[in-house]
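The structure under discussion appears below in the form of C-alpha cells.
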Amino acid sequence: MAMNLRLRDDAVVALRAESERTGLSQQEILRLAVDEHLGISGSVRAPTYPEWVTLPERVYRPVTPALRLPDGLSTADLLDRDDRV
C-alpha cells in the first residue's frame, strides 16, 4: 500500500542522517519506527551503533550508592565551586 508522508524539515534532515549512518533506506527506517511504535514488528533488529561506541561487557544492573551526601548538600552544590570555570 502506498501513502504520502509529509515530515517537518528537521525530521527530514534527521532521517537522511540516520539513513547514512546505518546504511538503511529512509523507507526502511520509517517502516521500523512505525512498526515499533504500533507494537507490530515481527522481527527485532539488533541496534546499529557508531564505530566509536564501545558496548558494555555486562548488561545493565542497578547500582547501590556507596556514598550518601549529608542532608542539605546536593551534587549540584559539589559542582558549583569557585575553582571551576
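Read-outs throughout are calculated quantities, based only on the coordinates presented, and are distinct from any laboratory measurement. No experiment lies behind these values; they were computed from the predicted model shown. Don't worry about glycine lacking a Cβ; one is built from the backbone with ideal geometry, like all the others, and counts go over all protein chains shown.
Placing pseudo-labels 7 Å out from each Cα toward the beta carbon at Tyr60 and Asn4 gives an inter-label distance of 4.1 nm.
With R₀ set to 35 Å, the beta-carbon distance separating Leu38 from Ala76 gives a calculated FRET efficiency near 0.30. Note that segment 21-36 has calculated 3J(HN,Hα) couplings of 5, 9, x, 7, 6, 4, 4, 5, 4, 5, 4, 4, 5, 5, 4, 5 Hz, one per residue in order, obtained from phi through the Karplus relation 6.51 cos²θ - 1.76 cosθ + 1.60 (θ = phi - 60°); glycine and proline are x.
Ordering 57-64, 16-23 by mean Cβ neighbour count within 10 Å, with the highest value first, yields 16-23, 57-64. P(r) tail for segment 1-71: Cα pairs beyond 15 Å make up 72% of the total.
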